[in-house]
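A quick write-up on the structure given underneath.
The values are calculated or read from the model by the stated rules, or taken from the named source; none is laboratory data. Quick caveat: nothing in here was measured; it's all calculated off a predicted structure. Because the Cβ atoms are built from the backbone with ideal geometry, glycine has one as well, and the counts that use them run over all protein chains shown.
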Amino acid sequence: MSHDTHNTRRTRRLRPALPSKSARAALLVSALTSAALMILSSPAAASQIIGFSYGSPVEITNTRSGLKADVMWASTDRFAGLFLWQNNASRSQEFDALRADGGYFRLRARHSGQCLALDSRAPTYRNGTPVIQRPCDASLKSSYWRVRTVGDRPICDGDVCSTTSAVYPTLQNRYTGRCLDAANSRGGRPPQRAVLQQWSCIGSADVWNTGNQLFSVRNVR
């Protein structure tokens, strides 16, 4: 015999087991979600959704209710809070967007000259900390905001998952990473006089409290 076959061991190459159907769907959802987050965090997506230019007054609108962010009763007091109110074209509903670095900006109420920030009188910044006005100070970390976008959650049918390309604006605080929120425990459309606060940012546009956090910043027409 020309080959030493009795001393040669033949090995089989094992094929990796295919993941289960549910595991494949989960992997697909994860991939779609990661892709959506990459798109939503990209400068291009942010520039499409911001919708305002610096140097002109802006208004902050809850896009689920159409109500405006308004300094309560047009107060000029330090630590005056904000709530949602119908559009009345008052200066307490208008703000100057003061450009900062990294896509962040400060919001200065035009009737009082004070900036929107978190209420520092609370022992800690947590969910439910009110948003108030106070004298502008560039060193005040909680007075910086940016437009953050969220999309719809992927929907799966078996192995096939899909999501829309729609994105929705929210406002995120630089210091805490939480988002501007209208106090509204029922969810849905926040009512007039809903107090503005910070809350953990929603991860998609189809959760129970989505309407509390959808805010656009646009130039006053």
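For residues that are surrounded by fewer than 17 Cβ atoms within 10 Å (Cβ to Cβ) and closer than 16 Å to Gln198 by Cβ, scanning just the stretch 137-155, find the one that is nearest to the chain's Cα centre (by Cα). Only one residue fits best here, namely Lys141.
Scan the stretch 103-116 and give yes if some residue there is within 19 Å of Pro169 (Cα to Cα), under 19 Å from the mean Cα position of the chain (by Cα) and modelled with pLDDT under 95, otherwise no. Scanning the stretch 103-116 turns up at least one residue that is within 19 Å of Pro169 (Cα to Cα), under 19 Å from the mean Cα position of the chain (by Cα) and modelled with pLDDT under 95. Assuming Asn209 fulfils every condition listed in (1) surrounded by 17 or more Cβ atoms within 10 Å (Cβ to Cβ); (2) more than 22 Å from Gln86 (Cβ to Cβ) apart from one, which condition is it? Only one criterion is unmet by Asn209, namely (2).
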